[in-house]
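Throughout, read-outs are computed from the coordinates displayed, never taken from laboratory work. The model shown is predicted, which means the values in this text are computed figures rather than measured ones. In this analysis, Cβ positions are derived from the backbone assuming ideal geometry, glycine residues included, and neighbour counts consider all displayed protein chains.
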Amino acid sequence: MHDYIIVGQGIAGTMLAHFLRQKHKKLLIIDRMHHQAASAVAAGIVNPITGRHFIKSWRVDELIPFAFQTYQSLEKLLGTKLLEFKNIAMIFDRINTVNNWAMRSGNPEVEAYVHPNFDPSFYRQFLEQVEDGVEFRQSGRILLKKVIENYKKLLQQEERYLEEKFEHEHLEIQTDSVVYKGHRAHRIIFAEGYQAIHNPYFNYLPFLPAKGDILMVRIPDYPANDKLVKHGVFIVPWKDDIYWVGSSYNKTYKQEAPLATEGEALKERLQRILKIDFEVLEHLCGIRPTVRDRQPFTGQHPVFSRLFLFNGMGAKGSYLSPFFAHHFAQYLDDQCPLDSSIDIKRYFKYFDKNKH
Ligand SMILES: Cc1cc2nc3c(=O)[nH]c(=O)nc-3n(C[C@H](O)[C@H](O)[C@H](O)COP(=O)(O)OP(=O)(O)OC[C@H]3O[C@@H](n4cnc5c(N)ncnc54)[C@H](O)[C@@H]3O)c2cc1C
């Protein structure tokens with residue numbers, strides 16, 4: 001008998017497995033590594049200040065330090081590098097943004113994240129349309145794919161892993177447990193990312209998945225490989241002279257696989273801003289588990305008390321997942337109530353009892 005079956009080992013499922021494993025729970029993780037899983041293509045950027053109006057992201061003062069601390073402890077556990085601290089250089093391509101920044105820069109909330117040494121002339125050497133910019137600190141990049149792959153190995157060594165597609169129709173819900181193809185557990189937690197839209201128990205929730213396309217490009221002699229540069233798109237140092245460039249944000253996508261026109265559009269955007277030559281190596285895409293109110297979807301099923309959801313990490317899974325997985329593990333253990341801002345109870349009115 002397992003304590004928990006977790007369906008999905010993206011960054012959300014990985015983090016939840018990690019904190020439940022720390023509590024010595026017996027786990028079974030089921031995943032088939034879907035091609036469009038967001039965690040497999042995301043850059044893993046941890047970015048405290050976002051958008052043209054320089055808004056401090058939701059609860060970053062507690063979420064980001066907790067995330068960095070968690071990935072550092074995972075580095076020790078897994079014996080590999082998973083976190084890169086890098087400043088974010090935001091380039092302003094128009095006067096409007098320069099003015100917006102002038103209005104926001106004195107705000108103490110934002111000021112704490114500003115690194116004083118932004119020099120536009122450095123960026124003008126290799127970027128077009130540089131009016132000005134700002135550099136933010138307390139930021140970085142999580143090597144999400146590496147976190148997941150290494151954690152998977154650990155789970156496999158401990159014989160806690162089933163590499164296959166979970167088929168919801170095979171789930172038996174009993175009064176004291178759930179059974180999936182002979183595997184019995186006290187509870188099951190779904191962490192399927194955007195594929196929750198196919199989960200018959202939780203697809204009543206207002207998921208609004210957003211597709212994101214990215215390019216992997218080679219840029220020999222790119223001078224800012226110690227920074228995460230945002231100039232419309234992000235240019236993120238990946239490995240040697242290879243960079244991650246992205247991403248698009250599309251809520252009305254018609255197909256899940258990469259679309260050539262999206263790849264071309266990204267390439268054109270890069271051509272417009274980069275003065276140096278580059279070569280496109282690969283075009284990939286993933287689908288973000290974004291939700292209507294941009295707050296995670298976690299909690300217990302309204303009728304089946306053995307079924308739980310851990311999802312809705314949206315466009316910020318790299319630093320939302322550690323904090324909320326830790327909190328969720330505490331909640332599952334009856335150590336605290338679930339934070340109401342992430343509890344799916346806020347959407348119970350959407351649940352139609354007659355369908356279940
Ligand atoms: C292009 C792009 C760029 C992004 N950049 C960033 C960024 O810089 N920083 C950041 O913080 N976030 C970023 N994100 C968002 C981030 O990727 C997500 O928030 C996060 O990865 C969501 O993780 P998840 O585990 O919930 O979902 P996923 O990563 O989608 O994982 C879900 C897992 O469930 C498995 N699964 C689903 N259904 C089944 C089934 N029936 N049977 C078996 N397995 C199943 C899948 O195989 C998958 O492994 C980006 C996303 C995209 C698409």
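Treating only the Cβ atoms of Lys and Arg (+1) and Asp and Glu (-1) as charged, compute the dipole magnitude of the chain about its Cα centre; round to the nearest 20 debye.
It comes to approximately 640 debye.
In terms of Cα to Cα distance under 20 Å, which aspartates and glutamates are near enough to Lys153, apart from those fewer than 8 places away along the same chain?
Asp31, Glu75, Glu163, Glu164, Glu192
If the only charges are +1 at each Lys and Arg Cβ and -1 at each Asp and Glu Cβ, what is the size of the charge dipole of the stretch 109-195 around the Cα centre, to the nearest 20 debye?
460 debye
May I ask which residue of Ala185, Gln36, Ile88 lies farthest towards the positive end of the charge dipole of the chain, with charges of +1 (Lys, Arg) and -1 (Asp, Glu) on Cβ and the Cα centre as origin?
Among Ala185, Gln36, Ile88, the one farthest towards the positive end of the dipole of the chain is Ala185.
Step by step: find N for the chain, compute 2.2 N^0.38 Å, then divide the Cα radius of gyration by it. What's the final number?
That works out to 1.03 for the chain.
Can you pick out the pairs among Lys211/Lys353; Lys145/Lys239; Lys76/Lys227; Lys251/Lys349 whose Cα atoms lie more than 20 Å from each other?
Too far apart for the 20 Å limit: Lys211/Lys353; Lys76/Lys227; Lys251/Lys349.
Could you work out the equivalent-ellipsoid semi-axes for the stretch 117-159, taking the square root of 5 times each eigenvalue of the Cα gyration tensor, largest first, in whole Å?
So the equivalent ellipsoid measures 41, 11, 6 Å along its semi-axes.
Measuring from a point 7 Å past the Cα of Gln255 along Cα-to-C-beta, which residues in the stretch 281-309 have an amide N at less than 19 Å?
Only 282-288 pass the distance filter.
Of the peptides 135-143, 234-242, 2-10, how do they stack up when ordered by the mean number of other Cβ atoms within 10 Å, highest first?
Answer by packing, highest mean first, reads 2-10, 135-143, 234-242.
Taking the stretch 1-58 on its own, what percent of its Cα-Cα pair distances exceed 18 Å?
Considering the stretch 1-58, 52 percent of its Cα-Cα pairs are separated by more than 18 Å.
Can you find, among Asn250, Asn311, Met15, the residue sitting farthest towards the positive end of the charge dipole of the chain, where Lys and Arg contribute +1 and Asp and Glu -1 at Cβ?
Asn311
Report, for the chain, the % of DSSP beta bridges that are antiparallel, rounded to 5.
Bridges in the chain that DSSP calls antiparallel: roughly 70 percent.
Among Cys336, Ile287, Ile197, flag the residue with its Cα farthest along the positive direction of the charge dipole of the chain, charges on Cβ as +1 for Lys/Arg and -1 for Asp/Glu.
Going by the charge dipole, the pick is Cys336.
Taking every alpha carbon pair in the stretch 216-356, what does the distance histogram look like in 10 angstrom bins from 0, in percent?
So the P(r) values, bin by bin, are 10, 30, 25, 19, 13, 3, 0.
Work out, in µm²/s and without decimals, the Stokes-Einstein translational diffusion coefficient of the stretch 251-296 at 37 °C, 0.692 mPa s, Rh from Kirkwood over C-alpha pairs.
Translational diffusion coefficient: 252 µm²/s.
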